[in-house]
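> Structure incoming, see below.
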Amino acid sequence: MLPLLGLATIAVLLAAILSKRMSPLVALIVVPIAASLIGGFGLQTSKFVLDGLRSLAPVVGMFVFAILYFGTITDAGTLDPIIDRILRAVGTKPTRIVMGTTLLALLIHLDGSGAVCFLVTIPAMLPLYDRLNMDRRVLAAAASMAAGINFLPWTGPMIRASASLGLPVSALFNPLIPVQIVGLVFVFGMAWWLGRREEKRLGLISAFGTIELPRRELTDEQQALRRPRNFWFNIVLTVIVLGTMVVMGEKIPPAVMFMVGFCIALLVNYPDVNMQRQRVDAHARAALMMAGILLAAGVFTGVMQGSGMLKAMAQAAVGLVPPGMAGHIPVALGILSMPLSMLFDPDSFYFGVLPVIAEVAGQLGVPAVHVGQAALLGQMTTGFPVSPLTPATFLVVGLTGIELADHQKFTFPLLFGASIVMTIACVVFGIFPL
């Protein structure tokens, strides 16, 4: 009963969001609460909801103040020279622009934070896409592919897999280095293809393969907000905020760093109290919308975890594996790991589902390390930028201004393709037996 209820809950949620019959915020709240009440959990549902909200409180704080922080320094014109340099480097040829976006996102995501990657990459590149009338879904896809292909040793999925299986990170990661290189080649190949497709759509292919660079035009209001004299101060402040998150993330929560950074940026760039209030008001809507989505996601994960629906689904799914198919578990999981990101949040999968799969596979003679590596090929790696269970997905669509359903339909095949290519590479390199 419980596994079926959980499966039905997720199916209804995805159907409601993808069909656009409900906004993600409404669906993430209404569907799981209704499922919990139908399952007979009654007043316990409130406890599930509160547990989910508590677990996401630090994330909500980080995203809200990150939006306010990057909004403030953008208003001050800090990103203008960066955008201009990128523009000069990639020109106005969509192929170079999309590949440049992918490279920028890949470099920023070296710290392992999808949120930071999207918060820096998308605002920096969006004006360029808009100037050339390029599809914003391409920007979302390029950033998502670059972030999704990153499963370095200090990233969340890698740490979770290592902890849940009791294996050293090196045992999981080192054999996957050539596989990740193959994944990177695929991602940049797809970026090139997306760029070429945009060139054809926009009719930009000519003898020179480019068009005249659009001029940057600022409104009087935007010009009044610019603080070019504070450029280096804002750059240094941003480096300190992000650097502290990377180096001391365990000791100083990211939410605290963005809170402090936002206050400093506001005081230095806009010392007038009225201007400070105006800057907060200008970005409050985006921050409030993001906070609402994140808290709604907390309701969903809290109910699904607290009710035991996720665990019951995992146990039921594992019990269906025939013993004769045990040797194919890593390959099958490698292919399915990315779509499974649509069903399981990272903690539920890596701490609830993965140990069960590894235990069953181990009893059938399949090393646990292969199971962990298969999961890392897609579960909340290539899968996280489109999963409705991760805040980063809503950050991508919020920053680009596109619908969640449109982003998922456009980007899902590209990310799924990356997982399949890397799974095939694991077979070719002898990491997974057939």
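> For the structure I just gave you, tell me whether Gly42 is of a type outside the set (Val, Ile, Thr), surrounded by fewer than 17 Cβ atoms within 10 Å (Cβ to Cβ) and assigned to a loop (DSSP other than H, G, I, E, B). Write out each step before concluding.
On the way: of a type outside the set (Val, Ile, Thr): yes; surrounded by fewer than 17 Cβ atoms within 10 Å (Cβ to Cβ): yes; assigned to a loop (DSSP other than H, G, I, E, B): yes.
Taking the combined requirement at face value, the residue satisfies it.
> Turning to a different aspect of this structure: Given the options Phe258, Phe233, Phe262, name the one that is among the hydrophobic types (A, V, I, L, M, F, W, C), at pLDDT 90 or above, under 28 Å from Phe384 (Cα atoms) and part of a helix (DSSP H, G or I). Talk me through it step by step, then tell me what you get.
Values: Phe258 fails: at pLDDT 90 or above; Phe233 fails: under 28 Å from Phe384 (Cα atoms).
Every option except Phe262 fails the conditions.
> Please determine, by comparing only the residues of region 218-236 that are among the aliphatic types (A, V, I, L, M) and in contact (Cβ under 8 Å) with a residue 40 or more places away in the chain, which one is nearest to Gly61 (Cα to Cα).
First, the residues of region 218-236 that are among the aliphatic types (A, V, I, L, M): 218, 224-225, 235-236.
Still in the list and also in contact (Cβ under 8 Å) with a residue 40 or more places away in the chain: 225, 235.
Numbers: Leu225: 26, Ile235: 22 Å.
The residue in question is Ile235.
> For residues that are over 15 Å from Val371 (Cβ atoms) and within 18 Å of the chain's Cα centre (by Cα), scanning just region 152-179, find the one that is surrounded by the most Cβ atoms within 10 Å (Cβ to Cβ).
Per the stated criteria, the residue is Thr155.
> Give the residues of region 412-432 that are β-branched (Val, Ile, Thr) and surrounded by fewer than 24 Cβ atoms within 10 Å (Cβ to Cβ), sorted by residue number.
Going through region 412-432, the residues β-branched (Val, Ile, Thr) turn out to be 420-421, 423-424, 427-428, 431.
Scanning region 412-432 gives Ile420, Val421, Ile424, Val427, Val428, Ile431.
> Okay, next question. Note down all Cβ pairs under 9 Å where the first residue falls in region 272-285 and is in a helix (DSSP H, G or I), the second is loosely packed, with under 14 Cβ neighbours inside 10 Å and of a type in the set (A, V, I, L, M, F, W, C), and they're at least six residues apart or on different chains.
Gln276/Leu267
> To continue, here is another question. Condition test on Pro355, is it at pLDDT below 90 and in contact with a Leu (Cβ under 9 Å, 6 or more places away or on another chain)? Give the steps one after another, and end with the answer.
Numbers: at pLDDT below 90: yes; in contact with a Leu (Cβ under 9 Å, 6 or more places away or on another chain): yes.
When the stated conditions are applied, Pro355 passes them.
> Which number in (1) under 19 Å from Val299 (Cα atoms); (2) part of a helix (DSSP H, G or I); (3) aliphatic (A, V, I, L, M); (4) out of contact with any Gly (no Cβ under 6 Å at 6 or more places or on another chain) marks the one condition that Met22 misses?
Status for Met22: all satisfied but (2).
> Using the structure shown, decide if Gln379 is farther than 22 Å from Gly302 by Cβ and among the polar types (S, T, N, Q).
Details: farther than 22 Å from Gly302 by Cβ: no; among the polar types (S, T, N, Q): yes.
No: the conditions fail for Gln379.
> Checking Lys47 against (1) at pLDDT 90 or above; (2) surrounded by 17 or more Cβ atoms within 10 Å (Cβ to Cβ); (3) in a helix (DSSP H, G or I), only one condition comes out false. Which one?
Condition (2) is where Lys47 drops out.
> Quick check on region 241-272: of everything there that is small (Gly, Ala, Ser) and touching a Leu at 6+ places or on another chain (Cβ under 7 Å), which residue is surrounded by the fewest Cβ atoms within 10 Å (Cβ to Cβ)?
Going residue by residue through region 241-272, those that are small (Gly, Ala, Ser) are 243, 249, 255, 261, 265.
Subset that is touching a Leu at 6+ places or on another chain (Cβ under 7 Å): 261, 265.
Values: Gly261: 25, Ala265: 27.
That would be Gly261.
> Just the residues that are crowded, with 16+ Cβ neighbours inside 10 Å and either in contact (Cβ under 8 Å) with a residue 40 or more places away in the chain or more than 21 Å from Val397 (Cβ to Cβ) (or both), please, taken from region 1-17.
So in region 1-17, the residues crowded, with 16+ Cβ neighbours inside 10 Å come out as 2-3, 5-7, 9-10, 12-14, 16-17.
Passing the criteria: Leu2, Pro3, Leu5, Gly6, Leu7, Thr9, Ile10, Leu13, Leu14, Ile17.
> If you go through region 346-394 one residue at a time, how many are among the small types (Gly, Ala, Ser), surrounded by 23 or more Cβ atoms within 10 Å (Cβ to Cβ), out of contact with any Ser or Thr (no Cβ under 7 Å at 6 or more places or on another chain) and assigned to a loop (DSSP other than H, G, I, E, B)?
Of the residues in that region, 0 qualify.
> When you scan region 64-87, do you find a residue that is on the phi > 0 side of the Ramachandran plot and surrounded by fewer than 18 Cβ atoms within 10 Å (Cβ to Cβ), even just one? Give the steps one after another, and end with the answer.
Looking only at region 64-87, we keep the residues that are on the phi > 0 side of the Ramachandran plot, and these are 77.
Of the ones still in play, those that are also surrounded by fewer than 18 Cβ atoms within 10 Å (Cβ to Cβ) are none.
No - not one qualifying residue is present in region 64-87.
> Check region 103-116 and report whether any residue there is of a type in the set (S, T, N, Q) and outside any helix (DSSP H, G or I). Spell out how you get there, then give the answer.
Quick first cut of region 103-116, residues of a type in the set (S, T, N, Q) only: 113.
Still in the running and outside any helix (DSSP H, G or I): 113.
Checked against the condition, which is being of a type in the set (S, T, N, Q) and outside any helix (DSSP H, G or I), region 103-116 yields at least one hit.
The values are calculated or read from the model by the stated rules, or taken from the named source; none is laboratory data. On a predicted model such as this, the values are computed, not experimentally measured, just so you know. Positions of Cβ are backbone-derived with ideal geometry, glycine not excepted, and every protein chain shown enters the neighbour counts.
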